[in-house]
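Worksheet: the structure to be examined is printed underneath.
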Amino acid sequence: MDWYQLWQILSAPDNVPIVGLLVIVPFYTWYGLRQARANDRLIEQLEANPELAKTHHRKTFPYRPGWPTEVHVWPYLLRIEF
């Protein structure tokens with residue numbers, strides 16, 4: 001099988017979603033595992049220090065200056081339009 005034949009098979013309309021899934025599924029699997037590991041680290045940190053657990057915001061990626069404080073999502077934006 002040469003590259004042209006492989007391209008013909010992969011670019012067939014029925015195979016395009018399958019090829020997309022070959023990229024998307026591993027990415028979101030990695031992203032979910034990364035977030036789970038960050039949450040586990042945060043839990044260990046808060047269990048080790050009870051004082052920090054009382055005052056900490058309990059988010060793995062805290063708010064930083066310069067970030068927007070509100071993120072408007074679909075229902076809110078729809079309400080603004082109408």
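None of the figures in this text is laboratory data; all of them are computed from the coordinates on show. Not measured: the values here are computed from a predicted model. Backbone-built Cβ (ideal geometry, glycine too); neighbour counts: all protein chains shown.
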Residue span Trp3 to Arg34: 0.36 nm per residue of separation minus Cα-Cα distance leaves a gain in nm of 7.7 nm
GNM of the chain, Cα pairs under 10 angstrom: of Val25, Val16, Val71, the biggest fluctuation goes to Val71
Using the Kirkwood formula on alpha carbons, the hydrodynamic radius of the chain in angstrom works out to 17.7
Candidate cut points under GluC sites (Glu not before Pro) in the chain, DSSP loop plus at most 15 other Cβ atoms within 10 Å of their own Cβ, are Glu70
Taking the dipole of the stretch 3-81 about the Cα centre (Lys, Arg +1; Asp, Glu -1; charges at Cβ), the one of Leu22, Gln45, Gln8 that reaches farthest to the positive side is Gln45
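Starting from 0.36 nm per residue, how many nanometres of slack lie between Ile24 and Ala48 once their C-alpha separation is accounted for?
Values: separation 24, 0.36 × 24 = 8.64 nm, distance 3.63 nm.
Gain on extension, Ile24 to Ala48, equals 5.0 nm.
Please give me, ordered by residue number, the chymotrypsin sites (Phe, Trp or Tyr not before Pro) of the stretch 1-74 that lie in loop per DSSP and have at most 13 other Cβ atoms within 10 Å. List each step's numbers first, then the result.
Details: sites: Trp3, Tyr4, Trp7, Phe27, Tyr28, Trp30, Tyr31, Tyr63; in loops: Tyr63.
Passing both the DSSP loop test and the Cβ count: Tyr63.
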Once both label points are put 7 Å beyond Cα along the C-beta direction, the Asn15-Tyr76 separation in nm becomes 4.5
